[in-house]
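Report on the following structure.
Just so you know, all these numbers are worked out from the coordinates, no wet-lab data involved. From a predicted model like this one, the values you see are computed outputs, not experimental measurements. No Cβ is skipped: glycine too gets one built from the backbone with ideal geometry, and neighbour counts run over all protein chains shown.
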Amino acid sequence: MELLMKINVKTFSYRHPLFLTSSPLLEIPPPTALLGLLASILGIGCNDVKENRKMIKKEIQDKLEKIEIYIPRNIKSKELGLMRFNVDVGKQKENWFTPVTYTYLIDYVFYIKLFFKNVELMEKVKESIIKKESKFTPYLGSSENLINEICIVDEKDLPKDFLFVKKLEDVEEIDKKRGLIRIKLPGRYNDDGEWEIEEYVILFP
C-alpha cells in the first residue's frame, strides 16, 4: 500500500542537525520532517516537543513501512545574511543577536513515496490531500518552510531525472550498479521522543 506525493515549498531551509557551529543547508527533506508534515495535515500533535514526537511515532511512524524521497538534480538557491535572536542571553547579556548566513532553496519541488502498513492511515492522508484539507498549517521541518502545494500523483508523473533517496538497508544489488552517495539523516523518532540518525543513499538515474 503506497502513495506517491508531489510537494512544492516556496522557500526551504533546513540546517543540518550534525553541525552545531555553522548552518550548512540540508538539501534533502529529512524523514522526520516529512512525518511532521503528515502530522500537521492530520492534526496530530501537542505543545510539548518530546510528547509531540511520541505522538507522531505512535500515530504515523509506526504505521509506515518506509519513506522514499525523490529530489531534483538541479536546484535554485539564495544565500541570505540574517540576525538570529539569542534565546538564552543569560550568559551573554550584551549579545542579543548572532549574524548567520542561511541558504534557501527557491520553488523547491520534490516527491515522496509512502509505504503504509495501516490502510486507515493511508486513506486519511489520501482524503485530506485530495480535499486540500489540513488540520494545522502544513510546513516542512520549520514553520518558515510553508507548503505551497501538495498533491497525489501517478508513478508516470515522477520525473525520470530526479535523484532517488532511500535507506541504506533497502539498497538492492541492482542499485549498486548506479552511482550513489551515502548520507546521514534524522530518520526516525525513538520511544523517548528523540530523533535518531539513520544512513541513507542518494541514487543517480
Check: How high is the FRET efficiency from D154 to F115, r the C-beta distance, R0 22 Å, rounded to 0.05?
Finding: 0.85
Checklist line | Among N145, N118, N47, residue whose mean-square fluctuation peaks in a GNM of the chain (springs only between Cα atoms under 10 Å) | finding: N47
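Would you please classify the overall shape of the range 153-192 from the alpha carbon gyration tensor, given that a ≥ b ≥ c denote the square roots of the eigenvalues, rounded means a/c under 1.5, and beyond that prolate means a/b larger than b/c while oblate covers the rest? Walk me through the intermediate numbers first.
Values: a/c = 2.39, a/b = 1.38, b/c = 1.73.
Note, shape of the range 153-192 comes out oblate.
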Notebook entry, point to check: For labels at E2 and L168 in the simple 7 Å Cα→Cβ model, what's the distance in nm?
Noted result: 2.3 nm
Next item on the list: Could you check which residue among T11, T101, T32 shows the biggest mean-square fluctuation in a GNM of the chain with a 10 Å Cα cutoff?
Entry: T101
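Looking at the chain, identify the longest residue range that excludes and avoids all GluC sites (Glu not before Pro) in DSSP loops having at most 16 other Cβ atoms within 10 Å. Working shown, then result.
Details: sites that count: E94, E133, E172, E194.
The reported range is 1-93.
Going down the list K126/K160; K132/K167; K58/K117, which pairs span over 21 Å between their C-alpha atoms?
Details: K126/K160 24 Å; K132/K167 30 Å; K58/K117 13 Å.
In this structure, K126/K160; K132/K167 exceed 21 Å between Cα atoms.
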Check: From the backbone phi of the range 177-185, what are the Karplus-calculated ³J(HN,Hα) couplings (6.51 cos²θ - 1.76 cosθ + 1.60, θ = phi - 60°) in whole Hz, Gly and Pro given as x?
Finding: 7, 9, x, 9, 10, 8, 9, 10, 9
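Quick one: order F204, F12 by neighbouring beta-carbon count within 10 Å, fewest to most. Each step should come with its number before you reach the end.
Working: F204 12, F12 30.
Ascending number of Cβ neighbours within 10 Å: F204, F12.
With a sphere of radius 14 Å drawn around the Cβ of E68, what net charge do the other residues whose Cβ falls strictly inside it have (Lys, Arg +1; Asp, Glu -1)? If you can, show how the numbers build up before the last one.
Values: positive: K6, K66, K113, K166, K167; negative: E2, E65, E155, E169, D170, E172, D175, E198.
Taking every Cβ under 14 Å from that of E68, the sum is -3.
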Check: Taking the chain as a Gaussian network, where each spring joins two C-alpha atoms under 10 Å apart, which residue of R178, R188, R53 fluctuates the most?
Finding: R178
Checklist line | Inter-label distance, nm, simple model (7 Å from Cα along the C-beta direction), I183/K10 | finding: 2.5 nm
Margin query: Only four residue types carry charge here, +1 at the Cβ of Lys and Arg and -1 at the Cβ of Asp and Glu. Report the dipole size of the chain about the Cα centre in Debye, rounded to the nearest 20.
Written below: 400 debye
Checklist line | Degrees between helix 119-130 axis and first principal axis of the chain (Cα, 0 to 90, nearest 10) | finding: 70 degrees
Check: What is the helix-to-structure angle for 49-59, meaning the angle in degrees between its Cα long axis and the longest Cα principal axis of the chain, kept from 0 to 90 and rounded to the nearest 10?
Finding: 0 degrees
